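Trainee: Let me give you the structure first, and then I'll get to my questions.
Bear in mind that the values in this text are calculations on the coordinates, not laboratory data. What you see is a predicted model, and the numbers here were worked out from it, not measured in a lab. Cβ placement follows ideal geometry from the backbone for every residue including glycine, while neighbour counts extend to all protein chains displayed.
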Amino acid sequence: MKKLRKFLLCLMAAALACGMAAALTGCGDSETDTDAWAYSWALGTASPEDTVTGLYAEKFAEAVEELSGGEMAITVYHNSTLGSDTELIESCQWGDIPFVVQNTAPQVSYLPRLCLFDAPCVFSTLDELHEVLDDDTFMTKINEIYAEGGFRLLAMADQNFRVMTSNKEITSLSDFSGIKIRTMENSYHMTFWSALGANPSPMAFSELYTGLEQHTVDAQENPYEVIVSSRFYEVQKYVVETNHLPHLLSLITNEEFYQNLTAEQQEIIDEAAAIARDYAREQAIARADERIETINSSGTCQVISISDELWEEMQEQSQDLYEEIRGVVDDDELFFAYVGDAYEGE
């Protein structure tokens with residue numbers, strides 16, 4: 001059944017690409033019309049269009065078209081049209097879908113050393129995060145990890161920080177004790193919440209709103225964008241600004257596909273990716289502010305900050321996890337460039 005699913009996804013991606021190319025090259029009778037849009041590709045994402053992820057993908061496609069003078073086209077398929085996050089990364093790895101925008105968390109199963117990005121409580125501000133991500137030496141090393149799986153990382157944006165929602169106000173480390181919190185099915189995320197004393201419980205995202213409403217789980221964690229779009233604030237009393245992880249958004253392509261492009265096409269793709277990254281970062285900040293206002297004005301939920309002392313305690317509880325991640329990354333230069341002073345080991 002799984003192989004059949006993969007085969008159908010390949011056919012869908014190929015059909016979409018061919019259909020797009022046919023539509024674009026068959027629109028006129030002149031030689032100019034026929035030659036226009038000579039290259040047409042698909043980009044897949046599992047997120048809705050009206051999210052930072054969606055805006056990131058659309059901006060990339062728009063920039064590619066503009067920079068190429070209309071000779072290169074990318075069509076974005078949102079909402080898992082081309083498959084789930086797992087199916088998208090597999091299809092990109094095979095070369096069936098040339099471009100994908102997604103969070104780094106599901107990529108760890110394919111690229112284990114990317115667990116570096118699952119190190120919690122490392123950055124207290126987005127500026128600190130961006131300073132690391134914009135370092136050429138750091139990103140060269142990260143791209144070496146992607147290359148191991150046959151990918152190329154074109155750009156890394158974010159959807160601001162992941163924060164916690166709960167029916168219990170969190171003001172001290174002991175307040176985490178026993179809280180049943182829904183997490184992604186990522187062992188590093190689960191280890192972090194367990195270290196705080198919580199009870200992490202993976203649950204299908206589609207079941208989460210009902211799970212919170214019926215108290216199957218007590219809490220969950222996501223960026224503001226998701227909390228508002230999924231209306232979790234309707235069934236939770238607090239949004240606790242744990243800011244424990246940045247919600248990173250990777251724009252990736254298949255390495256073989258990229259190498260088969262001309263030097264000019266590669267330059268266009270790289271420049272478009274940088275434009276889209278900067279735009280997505282701006283949108284992440286602006287939209288988070290808007291969504292905080294939505295939550296606070298709802299009358300059912302309020303956003304609360306945590307103290308510096310609690311943040312430091314959360315870092316302290318994460319030391320064993322940092323050590324585990326350091327071992328998997330197996331590159332101290334890369335590990336310390338990202339984790340920095342949060343790690344207290346030698």
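Trainee: How far apart, in nm, are the 7 Å Cα→Cβ label points at Leu261 and Glu185?
Mentor: 3.3
Trainee: While we're here: So for the chain, what percent of the C-alpha to C-alpha distances run longer than 36 Å? Don't skip to the end; give the middle numbers.
Mentor: On the way: 13510 of 59685 pairs.
So the pairs more than 36 Å apart make up 23 percent of the total in the chain.
Trainee: Ranked from highest to lowest mean number of other Cβ atoms within 10 Å per residue, what is the order of the peptides 264-277, 288-301, 88-101? Let's see the in-between values first.
Mentor: On the way: 264-277: 18.8, 288-301: 14.5, 88-101: 23.4.
Final packing ranking: 88-101, 264-277, 288-301.
Trainee: Still on this model: Out of His215, Ser318, Tyr338, whose Cα points farthest toward the positive end of the dipole of the chain (charges: +1 Lys, Arg; -1 Asp, Glu; placed on Cβ)?
Mentor: His215
Trainee: Follow-up. Which number do you get for Rg(Cα) / (2.2 N^0.38 Å) in segment 207-346? Let's see the in-between values first.
Mentor: Working: Rg = 19.8 Å, N = 140, 2.2 N^0.38 = 14.4 Å.
My calculation over the Cα atoms of segment 207-346 gives 1.38.
Trainee: Can you pull the semi-axes for segment 152-226, root of five times each eigenvalue of the Cα gyration tensor, sorted largest first, whole Å?
Mentor: Numbers: eigenvalues 99, 48, 32 Å².
Rounded to whole Å, the semi-axes are 22, 15, 13.
Trainee: Next question. Along segment 254-263, what does the Karplus equation 6.51 cos²θ - 1.76 cosθ + 1.60 (θ = phi - 60°) give for ³J(HN,Hα), rounded to whole Hz, x for Gly and Pro?
Mentor: Each residue's phi maps through the Karplus curve to give 6, 4, 5, 4, 4, 5, 7, 6, 6, 4 Hz.
Trainee: Here's something else I'd like to know. If we count every other residue with Cβ under 11 angstrom of Thr45's Cβ, Lys/Arg +1 and Asp/Glu -1, where does the sum land? Display every interim value, and only then the final one.
Mentor: On the way: positive: none; negative: Glu49, Glu58, Asp85.
So the surrounding residues net to -3.
Trainee: Please name which of Gly70, Thr104, Pro202 has its Cα lying farthest along the dipole of the chain towards the positive end, using unit charges on Cβ (Lys, Arg +1; Asp, Glu -1) and the Cα centre as origin.
Mentor: Pro202
Trainee: Quick one: what are the phi-derived ³J(HN,Hα) couplings along segment 212-225, Karplus 6.51/-1.76/1.60 with θ = phi - 60°, whole Hz, x for glycine and proline?
Mentor: Values, residue by residue: 5, 5, 9, 6, 5, 10, 8, 7, 7, 9, 6, x, 3, 3 Hz.
Trainee: If I model a spin label as a point 7 Å beyond the Cα along the Cα-Cβ vector, how far apart are those points for Asp270 and Asn167 in nm?
Mentor: 5.4
Trainee: For segment 70-120, report the translational diffusion coefficient in µm²/s to the nearest whole number, using Stokes-Einstein at 25 °C, 0.890 mPa s, and a Kirkwood Rh over Cα pairs.
Mentor: Answer from the Stokes-Einstein relation: 200 µm²/s.
Trainee: Compute, for segment 168-242, the length of the dipole vector about the Cα centre, with Cβ point charges of +1 (Lys, Arg) and -1 (Asp, Glu) only. Units Debye, rounded to 20.
Mentor: Working: 5 positive and 10 negative charges, 24 e Å.
With Lys and Arg at +1 and Asp and Glu at -1, about 120 debye.
Trainee: Charges on Cβ only, +1 for Lys and Arg, -1 for Asp and Glu, centred on the Cα centroid of segment 220-267; of Val228, Gln266, His244, which one is farthest towards the dipole's positive end?
Mentor: Val228
Trainee: Which residues' amide hydrogens lie under 5 Å from the amide hydrogen of Ser40, considering only partners 5 or more residues apart or on another chain, with H built in the peptide plane?
Mentor: The answer is Ala73.
Trainee: Relative to the Cα centre, what is the charge dipole magnitude of the chain, using +1 at the beta carbon of each Lys and Arg, -1 at the beta carbon of each Asp and Glu, and rounding to the nearest 20 debye? Walk me through the intermediate numbers first.
Mentor: On the way: 19 positive and 61 negative charges, 346 e Å.
In total the dipole reaches around 1660 debye.
Trainee: Return the FRET efficiency for the residue pair Ala204, Glu290: r is the Cβ-Cβ distance, R0 is 25 Å, and the value is rounded to the nearest 0.05. Could the numbers behind the result be given before it?
Mentor: Details: r = 28 Å, r/R0 = 1.11.
E(calc), rounded to 0.05, equals 0.35.
Trainee: Right, another one. Given 10 °C and 1.306 mPa s, compute D for segment 64-220 with the Stokes-Einstein relation, Rh being the Kirkwood radius over Cα pairs; round to the nearest whole µm²/s.
Mentor: Working: Rh = 18.1 Å.
Estimated via Stokes-Einstein, D reaches 88 µm²/s.
Trainee: Still on this model: Using the 2.2 N^0.38 Å rule of thumb for compact globular proteins, work out how segment 227-293 stacks up: its C-alpha Rg over that value, please.
Mentor: 1.63
Trainee: Ranked highest first by average number of other Cβ atoms within 10 Å, how do 74-85, 155-166, 112-123 line up?
Mentor: Working: 74-85: 18.6, 155-166: 24.7, 112-123: 22.1.
With the highest mean Cβ count within 10 Å placed first, the list reads 155-166, 112-123, 74-85.
Trainee: Moving to a separate point now. When the dipole is taken about the Cα centre of segment 97-231, and only Lys, Arg (+1) and Asp, Glu (-1) are charged at their Cβ, what size is it in debye, to the nearest 20? Mind dumping the intermediate values first?
Mentor: Values: 8 positive and 18 negative charges, 91 e Å.
Magnitude of the dipole: close to 440 debye.
Trainee: Can you give the % of DSSP beta bridges in the chain that are antiparallel, to the nearest 5?
Mentor: Numbers: 22 of 38 bridges.
Taking every DSSP beta bridge with both residues in the chain, the antiparallel ones total about 60 percent.
Trainee: Which values of log₁₀ I(q)/I(0), to two decimal places, follow from the Debye formula for segment 268-346 at q = 0.17 Å⁻¹ with a uniform point scatterer at every Cα?
Mentor: Summing over Cα pairs of segment 268-346 leads to -0.95.
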